[in-house]
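Asker: Submitted below is the structure of interest, expressed as structure tokens.
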Amino acid sequence: MKIIDWYILKRFLVTFFFTLLILIPIAVAIDISEKIDNFLEHADLGFYQIVDEYYKNFIIYYANTFMPLALFIAVILFTSKLSNNTEIIAINNAKVSFTRFLYPYFVGATLITILSLVMNHFVVPNSSTTRKNFEKEYINNRRQQQEFKFVSDFSLQLTDSTYIFIKNFNTETNAGYDFTSELYDGLELKTKLVADNIRYNEKDSTFSVQNWRLRKIYKDRDSIFSGNKIDTVFNFTPRDLIYKSALSQEMTSDELYKFINISKKRGVKNLNAYLVEFHKRTSLPIASYILTIIAVALAFRKRRGGTGVNLAIGIGLMFVYVFLMKISEVLGAVAGVNSLLYVWMPNIFFGCVAIYLYNNARK
């Protein structure tokens, strides 16, 4: 890399982290104003606990979320400054093409993309677990907690031949009632276990079923057994009963990938909300390249109004990108659609915009 490349790359990264450091305190201040009453309601909640369990992880989450916006604003700001100071004119007079001029930008975008990928796939999910546990304990209202507490009329395919049915299950107490387990050989029912109550034991990962009745079906006869209580093992845990898209944010990508595959084998019909989260963790960091090209192409040439006009256009485009991204996430979570295509749709659209602006800037 030449001296000018190091100069641009340094300005790129410094402006990026400076922009990020401006956005984060704003987000924290807004969040504190919204949740201060929740904090004050709990006398046992200390300042250190709030910072360590909630706001540390809050900053990690939103720093990762704001990375594309911070990158876009940073590139527009310092590239506009280069243009207004006629530094870009000097670079053009040195016979440096627009494509070559983008080289240090792409190096910077690559560093940020790698950081964002690591954050999205590994760091943020683990951080979100602690943050959401804190929210569940001190912030979320009772109605929100109830959504995750009770599971009703739930069926699950554990293997190709084993199915379970639960009338009601409390994921907080790990207990439920009206439980049924059926084992098939092809289309023929071989055994059926029915229990009035079921409880999960976390210590040894077993289930205790009470008031149970077991029916074994043979070719010429049936055998029925019953008892008061028996401990047994099933290939699921209470967590597997909760299919809420919010839970996907607490899984690392390898855990989420395994969860999706297991759920498909168990016959869960709509997993698109989980697939959207899985694909988004890659599509959003890759958008750094697209947004970098758009930002440089907008600010490359000096225009009347200077940085303010470039910044206004850039922020407008950024909000359009965020708007399209949110729409694509909602549409991608609908059953029966290609979630991968919908998640990448904003990148495809803005990729076309980037190609147009790139070709225009080269002229």
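Asker: Could you check, for the range 225-246, whether at least one of its residues is among the charged types (D, E, K, R), in a loop (DSSP other than H, G, I, E, B) and under 23 Å from the mean Cα position of the chain (by Cα)?
Answerer: If we filter the range 225-246 for residues that are among the charged types (D, E, K, R), which is where we start, we get 229, 231, 239-240, 244.
Subsequent filtering for residues that are in a loop (DSSP other than H, G, I, E, B) retains 244.
Subset that is under 23 Å from the mean Cα position of the chain (by Cα): 244.
Yes, the range 225-246 contains at least one residue that is among the charged types (D, E, K, R), in a loop (DSSP other than H, G, I, E, B) and under 23 Å from the mean Cα position of the chain (by Cα).
Asker: Within the range 342-363, which residues are over 20 Å from Pro68 (Cβ atoms) and either assigned to a helix (DSSP H, G or I) or among the aromatic types (Phe, Trp, Tyr) (or both)? Don't jump to the end; show me each part of the working.
Answerer: Initial filter on the range 342-363 (over 20 Å from Pro68 (Cβ atoms)): 359-363.
Within the range 342-363, Asn359, Asn360, Ala361, Arg362 meet the criteria.
Asker: Separate question: Please determine, by comparing only the residues of the range 339-354 that are open to solvent by 50 Å² or more (accessible area, probe 1.4 Å) and touching a residue at least 24 places away in the same chain (Cβ under 8 Å), which one is farthest from Phe72 (Cα to Cα).
Answerer: Here is the first cut: in the range 339-354, the residues open to solvent by 50 Å² or more (accessible area, probe 1.4 Å) are 340-342, 344-345, 348-349, 352.
Narrowing further to those that are touching a residue at least 24 places away in the same chain (Cβ under 8 Å): 340, 342, 344, 349.
On the way: Leu340: 24, Tyr342: 22, Trp344: 19, Phe349: 17 Å.
The residue in question is Leu340.
Asker: Out of the range 28-41, which residues are among the β-branched types (Val, Ile, Thr) and open to solvent by 80 Å² or more (accessible area, probe 1.4 Å)? Lay out the reasoning, then the answer.
Answerer: Residues of the range 28-41 among the β-branched types (Val, Ile, Thr): 28, 30, 32, 36.
Scanning the range 28-41 gives a single hit, Ile30.
Asker: Here's something else I'd like to know. Out of Asn126, Asn168, Asn120, I need the residue that is open to solvent by 80 Å² or more (accessible area, probe 1.4 Å) and either at pLDDT 85 or above or not in a helix (DSSP H, G or I) (or both). Which one? So that I can check it myself, show each step before the final result.
Answerer: Details: Asn168 fails: open to solvent by 80 Å² or more (accessible area, probe 1.4 Å); Asn120 fails: open to solvent by 80 Å² or more (accessible area, probe 1.4 Å).
Going through Asn126, Asn168, Asn120 in turn, the sole match is Asn126.
Asker: Any residue at all in the range 245-260 that is in contact with a strand residue (DSSP E or B) (Cβ under 7 Å, 6 or more places away or on another chain) and surrounded by 12 or more Cβ atoms within 10 Å (Cβ to Cβ)? First the steps, then the outcome.
Answerer: Taking the range 245-260 and keeping what is in contact with a strand residue (DSSP E or B) (Cβ under 7 Å, 6 or more places away or on another chain), we get none.
No.
Asker: Please go through the range 188-224 and pick out each residue that is assigned to a strand (DSSP E or B), surrounded by fewer than 11 Cβ atoms within 10 Å (Cβ to Cβ) and hydroxyl-bearing (Ser, Thr, Tyr). Please lay out each step first, then the result.
Answerer: Initial filter on the range 188-224 (assigned to a strand (DSSP E or B)): 188-201, 206-217, 222-224.
With the extra rule that they be surrounded by fewer than 11 Cβ atoms within 10 Å (Cβ to Cβ), the set shrinks to 188, 222-224.
Matches in the range 188-224: Ser223 only.
Asker: Return the pairs, sorted by first residue and then second, in which the second residue is open to solvent by 10 Å² or more (accessible area, probe 1.4 Å) and β-branched (Val, Ile, Thr), the first residue lies in the range 276-302 and is farther than 15 Å from Met345 by Cα, the beta carbons are less than 7 Å apart, and the residues are 6+ apart or on different chains.
Answerer: Ile294/Val353; Leu298/Ile313
Asker: Out of Thr113, Thr79, Thr99, report the one residue that is touching a residue at least 60 places away in the same chain (Cβ under 8 Å), surrounded by fewer than 16 Cβ atoms within 10 Å (Cβ to Cβ) and of a type outside the set (A, V, I, L, M, F, W, C).
Answerer: Thr99
Residue by residue, here is whether (1) open to solvent by 70 Å² or more (accessible area, probe 1.4 Å); (2) assigned to a helix (DSSP H, G or I); (3) not small (Gly, Ala, Ser) holds:
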{"site": "Leu9", "(1), (2), (3)": "no, yes, yes"}
{"site": "Phe17", "(1), (2), (3)": "yes, yes, yes"}
{"site": "Ile26", "(1), (2), (3)": "yes, yes, yes"}
{"site": "Asp44", "(1), (2), (3)": "yes, no, yes"}
{"site": "Asn57", "(1), (2), (3)": "no, yes, yes"}
{"site": "Leu69", "(1), (2), (3)": "no, yes, yes"}
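The values are calculated or read from the model by the stated rules, or taken from the named source; none is laboratory data. Values in this document were obtained by computation on a predicted structure and should not be read as measured data. Glycine also receives a Cβ, built like all others from the backbone with ideal geometry; neighbour counts cover every protein chain displayed. Protein only, heavy atoms only, side chains kept; ligands, DNA and RNA dropped before computing areas. Shrake-Rupley method; radii C 1.70, N 1.55, O 1.52, S 1.80 Å.
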